[in-house]
């Protein structure tokens, strides 16, 4: 029995040896994801929430663990770029984004596009920025689609194509894509206007606490657009959006509570009458 126990322990050690590095790498990636993942990154696992901005107190830790994890993970490479950018290391961020983009990270393509479009840490190049946004958009990255529209002067050069790209990302449960596609349905951009479909998309994005989707959903509920009119539900949506910092929702709440507008002789708004 003692001999078989020794053999079993040896076998366990032999198994652990080649797997220990993989385990450590996985732990590095888990921590990198936890403090440096970007909420709209299509590469991000569904169980990772992500952060809009890396906390200053987490930057050094993010650089340390994402650098190790980036050896075998393109999303860690992208997140390493985010950490460098947060630490104002533009050259290092640029290098990490380029490597991640070369490996197919659409989120890194978007960040590179922003850097080229604004001239942040690299010579300004609108053509290069557009190419990067277009590459990201074709994968269904919602930020790629919206940035491509912005660089084209605020409207997509091919709204129908943009709508199709957003639909792909919306199906993958991207809240930003659901919101942007909802806006296109609401405005009839790139295809038929469809308020019912728009409202349904806003509901899906609102379920993920997308501030602008909540505000638009409040407006749709308040007016009865695309579904039942429900002022009480509208107020709830506005309150949720306002709590997330949406200024339009805060203004909408004020209009609900103070619906009567008092104007001076020149027609300028003087005050709101509340009740």
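Since every read-out is calculated from the coordinates, none of them should be taken as a lab result. Because the structure is a prediction, the values reported are computed rather than measured. Neighbour counts run over all protein chains shown; Cβ positions are idealised from the backbone, glycine included.
Each of 130, 232 was scored by other Cβ atoms within 10 Å of its Cβ. Arranged with the fewest first, they read 232, 130.
Of 220, 202, the sequence from fewest to most neighbouring Cβ atoms within 10 angstrom is 220, 202. The Cα center of segment 121-147 and the Cα center of segment 191-224 differ in position by 27 Å.
Footprinting exposure proxy ranking of 26, 73, 57, fewest other C-beta atoms within 10 angstrom first, gives 57, 26, 73.
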